[in-house]
């Protein structure tokens, strides 16, 4: 299982704080995005934003980074206001 | 192994942020305090303060709480100023 | 109803789904007691008045000293020796005319708590000593008034929220059982640096606004800031069945 | 040497081992540039002036609007339409006569950066848009000036510290590679609540004070505040070898 968590504005946009996914068939962060994007238009739009940030086990990584069972994968948006 | 972490003012008092202990012979938080207190007068005084707080795996517990291999045991002081 | 002027002024809060016009109205109708107008009470009262909280009671018996100025951001050199609550109330009233500010120029005791707590929606503990913390905790449990606790010394801070209306909520006494060896550490003995207070009081003000606008507020959670390592830790706590203050409810 | 008066006033900072008299002197001798005097720049400049930082340059080209008042705590109704930097400088100068405050009534551009950056020890990015963030990042890399970044919208905030003097330190561009689809979200479009700004600006001011007093400051660390869940998360980041801004150093 892979634990996927969402932070900040993503939670409201997806109406979801966290979920778990079966790890087989998921080998990269991009695979997770692809699988979740199939859920709805809202998920598709939110997760395919070019500026979406991702982290695996609290290390920031790009979308090609590998994932495996037991990983915690986090998604969150950049914040730019002030 | 048990991972022991110190926070806040304790770090300066003990000059230590974290350490690991062999878990055999340690069955409670109190056992950890007892073992570490033998290190020096400074450790003895700091860890035997009646108001010292402790947590196991981020749950606050009292000193009689059991510990086992793989646990993270945290110690920190109450803060009362303002 | 909010006036057109209020809708413009508070527009950045109103546009957020979790606040909205109803939340802004709730803030305007809210009455909040801030206990202690030192390092924490200064920014907490500023941000709550700024956000549009309708009524603030601010209580402090101390007078302003030069050594307060590096962190108590409402006060200036020429306020030295004034009462903290009165000075803060004057400045806040001038800056935020929408908010009614009442100064209580005395540290709260049980009698004053019995008078004020039935009038307020929430209390912020911004005090600087553990005796006052135990006192206000007990009074809030008794009056079923939510209590937003903040504390800071040195580079360290702690925040926790107590909601006596929630039967599972732990209280201050559950977290720190009163002992004869209550810690004597405070800002006079181990120092303090201002930004720690901004961070802890900011968290207190945030929890207060969430509570008043009917958003979920986290209880049974001790938030600890270790400023030197720039780390926040979060610890779960439980109501103690045998707590002498809240246990028998 | 600190005067007797300074020793008294700053005694709660001086008594801390990690600050001491040498740290307080370092603060007095420090020059800090604050870019943006809105929701973050207001508390950041207040706490740095209060702590005894000797010289603050504060830059903002915007004028004060009524919708700023619920979170920009230096400003009142009667300051509406004044320039933010000038208004803040006036108030801070009055409240903190020990600090020299210079207002720059313009959003910084590359030319102004080339003028000011060689004079300052550290820059706080308190701006409100990603274009300015990329610009100041590039300028700080070029001048090897440490940059303390803060950002906030809605209930969310982020803080990171960039130290171009450290060859392993990632920069803002490593974290957020410039894309054509830069996020358009800001406080005007999704709102903001004041206490989030107090917490993020407090962390910026804390990092600034630690840096100026020769304490360890954490780089390559993105601190994220999720205010609705009251949680801070910390993510590690790495300098990108192919970063167009800092990669070729």
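None of the figures in this text is laboratory data; all of them are computed from the coordinates on show. Just so we're clear, the structure is a prediction, and the values are computed from it rather than from any experiment. Every residue, glycine among them, receives a Cβ derived from its backbone with ideal geometry; neighbour counts consider all protein chains shown.
Here is how the numbers come out for the structure above:
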{"item": "Inter-copy separations for residue A:34, label at 7 Å along Cα-Cβ, nm, ascending", "result": "5.7"}
{"item": "Minimum Cβ-to-axis distance in chain C for the rotation onto chain D, with residue, whole Å", "result": "C:232, 2"}
{"item": "Label spacing, shortest first and in nm, from residue D:215 to its equivalents in the remaining copies (7 angstrom along Cα→Cβ)", "result": "2.9"}
{"item": "Per residue convex hull volume, Cα atoms of the range C:114-168, in Å³", "result": "78 Å³"}
{"item": "Computed over chain D, Kirkwood Rh from alpha-carbon pairs, angstrom", "result": "18.3 Å"}
{"item": "Relative contact order computed over the range C:4-236 (Cα-Cα under 8 Å; 6+ residues apart), in percent", "result": "20 percent"}
{"item": "Cβ-Cβ FRET estimate between residue A:24 and residue C:231, R0 fixed at 45 Å, reported to 0.05", "result": "0.80"}
{"item": "Scaled radius of gyration (Cα, divided by 2.2 N^0.38 Å) that the range D:22-126 gives", "result": "1.02"}
{"item": "The range A:7-27-the range C:193-207 distance, computed between alpha-carbon centres (Å)", "result": "30 Å"}
{"item": "nm² value of the averaged projected area, convex hull over the Cα atoms of the range B:2-76", "result": "4.3 nm²"}
{"item": "Reduced Cα scattering model of the range C:88-145, Debye log10 I(q)/I(0), q = 0.12 Å⁻¹", "result": "-0.33"}
{"item": "Per-residue average of Cβ from other chains inside 10 Å of D:74-87", "result": "1"}
{"item": "For residue C:80, label point 7 Å along C-beta direction: distances to other copies, nm", "result": "3.8"}
{"item": "Taking the convex hull of Cα positions in the range C:1-69, its mean projected area over all directions (nm²)", "result": "5.5 nm²"}
{"item": "Residue order, fewest to most surrounding Cβ atoms within 10 angstrom, among A:6, D:176", "result": "D:176, A:6"}
{"item": "Percent of Cα-Cα distances greater than 39 Å, calculated over the protein assembly as shown", "result": "29 percent"}
{"item": "Residues A:80, C:4, sorted so that the one with the fewest Cβ neighbours within 10 Å comes first", "result": "C:4, A:80"}
{"item": "All-pairs alpha carbon distance profile, the range C:60-172, 5 Å steps from 0, percent", "result": "2, 10, 18, 20, 21, 16, 9, 3, 1, 0"}
{"item": "Quotient of Cα Rg and 2.2 N^0.38 Å for the range C:126-233, N being how many residues it contains", "result": "1.06"}
